[in-house]
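Heads up: the structure comes next, in structure tokens.
The values are calculated or read from the model by the stated rules, or taken from the named source; none is laboratory data. Model, not experiment: these values are computed from the prediction. Cβ placement follows ideal geometry from the backbone for every residue including glycine, while neighbour counts extend to all protein chains displayed.
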Amino acid sequence: MLTHVNPSSGVPLYLQIESQFKYAIASGGLKLGDALPSVRKLAAELRINPNTVARAYQDLEREGIIRTVPGGGTYVADSTPGLLKSEKLRRLRPSTLQLAVEGIQLRLEPEEIITLLKEELSKLVGE
Amino acid sequence: MSDLAIATRQLTKTYSRTEVVNNIDLRVEKGSVYGLVGRNGAGKTTLLKMLLGLVRPTAGSLNVLGMDYLHERLAILRRTAYVSESKALFDTMTGEDLVRFNRSYFSTWSDDAVRKYVKSLQVPMNRVFRNMSSGDKTKLCAVLALAQGADLIILDEPFQGLDPAARDELHRILIEDYIGGNCTILTSSHQLNELEQIADWIGIIDAGHLLLEGRLDDIKGNFRRIVASGTDLSHFRNQEVVGATPFEGLWQFVVRKDADEVAQQLRSNGAVVLEILSMSLQEIFLACIRKEELCTSPSAGETPASVSSRS
């Protein structure tokens with residue numbers, strides 16, 4: 001679950017929250033149908049502005065990762081149906097590009113970058 | 001009428017020919033938390049006092065909660081709570097006395113809020129104000145301001161003198177009961193890491209000028225530190241560069257936006273771009289006040305406020 005954000009990081013807090021939820025879902029810490037804490041509860045827990053949490057939830061909902069039932073809370077949604085494979089790949093392209101750029105800047109070989117990515121994948125989803 | 005809790009236009013205060021507040025256009029959205037940041041003597045307290053009618057502007061106009069301060073000052077004060085920088089109240093009154101005294105002025109006063117916050121912040125209400133520690137004075141000022149039920153809360157260094165547990169508790173109270181609703185909070189603070197937790201908007205003020213105003217997320221999303229090497233870059237110019245410093249054979253450029261484009265331009269000048277780093281509010285603040293002449297120079301009708309996308 002979400003336990004920590006770093007307000008002094010250069011990364012905006014709403015992005016930190018979004019990526020932590022994505023990580024929790026990808027690694028199985030949060031499963032389909034699991035309830036998320038309310039905006040105000042999570043804000044109080046993390047000691048951050050509720051508007052910031054609300055913005056993160058809105059983004060995640062727009063991406064289909066969570067869904068909000070009016071008056072009934074927020075849940076982890078099944079984000080895969082309806083999305084074409086090409087759309088999924090399109091979404092992933094920017095972060096892949098960033099990985100590639102940083103790898104090249106560090107003078108790593110393509111194989112080394114791919115090995116690294118495979119290691120992280122197997123940590124998340126297992127072999 | 002507007003979605004702004006506070007709007008000033010060219011607000012100016014001059015003391016014996018020194019412009020303490022200089023042509024400030026401050027815009028605070030309703031329901032937001034606005035953090036005002038600046039060095040000692042930058043003009044923060046004078047600006048806040050003008051909003052409350054405690055200091056008379058030399059020039060400019062200001063509108064608070066949709067009201068004009070000249071004609072509707074009492075109506076503004078009834079709906080505005082204030083914790084002053086000096087944290088001064090009547091010295092010979094106890095906390096209980098001060099609650100009774102303040103309660104009578106506000107129809108929106110909440111005794112429940114007093115009870116709740118006195119307990120969670122552990123304020124010694126039977127002690128006379130003069131004999132309280134500076135932290136307890138700050139706590140009591142905060143309790144009295146919060147219990148008022150105001151639409152606008154103006155806080156001048158609200159965490160001054162508070163121990164870490166009390167700071168955390170005051171944060172929790174603000175988040176659970178005040179932020180994210182209809183209440184607007186304008187606060188000055190030197191605790192930038194704490195402002196980063198609760199502020200939606202940031203204004204950086206220096207020598208009476210508002211150097212930068214924007215949504216914190218946008219500011220953090222746009223400001224970058226670019227580290228480059230490989231060639232002499234002392235003549236490199238770009239309108240988004242806020243500061244350039246040579247550093248052990250490397251060059252560091254702080255840009256207020258468009259970091260990727262600036263990096264590309266550096267490369268075409270023969271430089272190797274080593275890193276593009278995001279920045280904390282503290283780093284952004286220091287970069288702005290050290291290079292205010294660059295940060296304020298408007299280019300093609302753009303001001304530093306254009307880092308924000310006001311909707």
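Would you mind finding the one in A:ILE66, A:ILE25 that is touching a Phe, Trp or Tyr at 6+ places or on another chain (Cβ under 7 Å) and over 30 Å from B:ARG256 (Cβ atoms)?
Of the residues listed, the single one that is touching a Phe, Trp or Tyr at 6+ places or on another chain (Cβ under 7 Å) and over 30 Å from B:ARG256 (Cβ atoms) is A:ILE66.
Quick check on B:ARG56: is it away from chain A (no Cβ under 14 Å) and either outside any strand (DSSP E or B) or buried (at least 16 other Cβ atoms within 10 Å of the Cβ) (or both)? When the stated conditions are applied, B:ARG56 passes them.
Determine whether B:ASP232 is within 10 Å of another protein chain (Cβ to nearest Cβ) and of a type outside the set (S, T, N, Q). Against the criterion (within 10 Å of another protein chain (Cβ to nearest Cβ) and of a type outside the set (S, T, N, Q)), B:ASP232 does not qualify.
In the range B:30-45, the residues that are within 12 Å of chain A (Cβ to nearest Cβ) and polar (S, T, N, Q) reach residues that are part of a loop (DSSP other than H, G, I, E, B) and surrounded by fewer than 24 Cβ atoms within 10 Å (Cβ to Cβ) with C-beta atoms within less than 7 angstrom, at least six apart or across chains, in these pairs: B:SER32/B:ASP200.
Report the residue count in the range B:136-181 for those that are of a type in the set (Val, Ile, Thr) and within 16 Å of B:LEU77 (Cα to Cα).
The total comes to 2.
Whenever a residue of the range B:258-276 is within 14 Å of chain A (Cβ to nearest Cβ), its partners that are in a strand (DSSP E or B) and among the polar types (S, T, N, Q), lying with C-beta atoms within less than 7 angstrom and at least six residues away or across chains, give the pairs B:ALA271/B:SER229; B:VAL272/B:SER229; B:LEU274/B:SER229. Among the residues of the range A:83-117, just one is acidic (Asp, Glu) and within 14 Å of chain B (Cβ to nearest Cβ), namely A:GLU102.
In this structure, is B:ARG167 within 14 Å of another protein chain (Cβ to nearest Cβ), basic (Lys, Arg) and buried (at least 22 other Cβ atoms within 10 Å of the Cβ)? No: the conditions fail for B:ARG167. For the range A:16-39, the set of residues classified as part of a helix (DSSP H, G or I) and either surrounded by 17 or more Cβ atoms within 10 Å (Cβ to Cβ) or more than 14 Å from every other protein chain (Cβ to nearest Cβ) (or both) consists of A:GLN16, A:ILE17, A:GLU18, A:GLN20, A:PHE21, A:LYS22, A:TYR23, A:ALA24, A:ILE25, A:ALA26, A:VAL39, listed by residue number. If you go through the range B:114-139 and keep only what is within 13 Å of B:GLN160 (Cβ to Cβ) and assigned to a helix (DSSP H, G or I), you end up with B:SER134, B:GLY135, B:ASP136, B:LYS137, B:THR138, B:LYS139.
For B:GLU275, the criteria (1) part of a helix (DSSP H, G or I); (2) modelled with pLDDT under 90; (3) surrounded by fewer than 17 Cβ atoms within 10 Å (Cβ to Cβ) hold in every case but one, which is (1). Just one of the numbered conditions (1) more than 26 Å from B:LYS44 (Cβ to Cβ); (2) assigned to a loop (DSSP other than H, G, I, E, B) is not true of B:GLU85: (1). Scanning the range B:189-208 for residues that are within 12 Å of chain A (Cβ to nearest Cβ) and of a type in the set (S, T, N, Q), we see that the one that is surrounded by the most Cβ atoms within 10 Å (Cβ to Cβ) is B:GLN197. Among the candidates B:CYS183, B:CYS141, the residue that is among the hydrophobic types (A, V, I, L, M, F, W, C) and within 21 Å of B:LEU54 (Cα to Cα) is uniquely B:CYS141.
Entry remark, the range B:211-257: residues being among the acidic types (Asp, Glu) and crowded, with 22+ Cβ neighbours inside 10 Å number 1 in total. Given the criterion within 10 Å of chain A (Cβ to nearest Cβ) and over 19 Å from A:LEU42 (Cβ atoms), identify the matching residue among B:ILE219, B:ILE173. Only one candidate qualifies: B:ILE219.
Here is a yes/no grid of residues against (1) out of contact with any Ser or Thr (no Cβ under 9 Å at 6 or more places or on another chain); (2) touching a residue at least 40 places away in the same chain (Cβ under 8 Å):
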residue	(1), (2)
B:ALA145	yes, yes
B:GLY149	no, yes
B:LEU152	no, yes
B:GLN160	no, yes
B:ARG167	yes, no
B:ILE175	yes, no
B:ILE185	no, yes
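Of the residues making up the range B:20-51, those that are surrounded by fewer than 19 Cβ atoms within 10 Å (Cβ to Cβ) and part of a loop (DSSP other than H, G, I, E, B) are B:ASP25, B:LYS30, B:GLY31, B:ARG39, B:ASN40, B:GLY41. Inside the range B:232-275, residues that are touching a Gly at 6+ places or on another chain (Cβ under 6 Å), β-branched (Val, Ile, Thr) and within 17 Å of A:GLN105 (Cα to Cα) make up a count of 1.
Exactly one residue among A:LEU89, A:LEU60, A:LEU83 is at pLDDT 90 or above and either surrounded by 10 or more Cβ atoms within 10 Å (Cβ to Cβ) or assigned to a strand (DSSP E or B) (or both), and that residue is A:LEU60.
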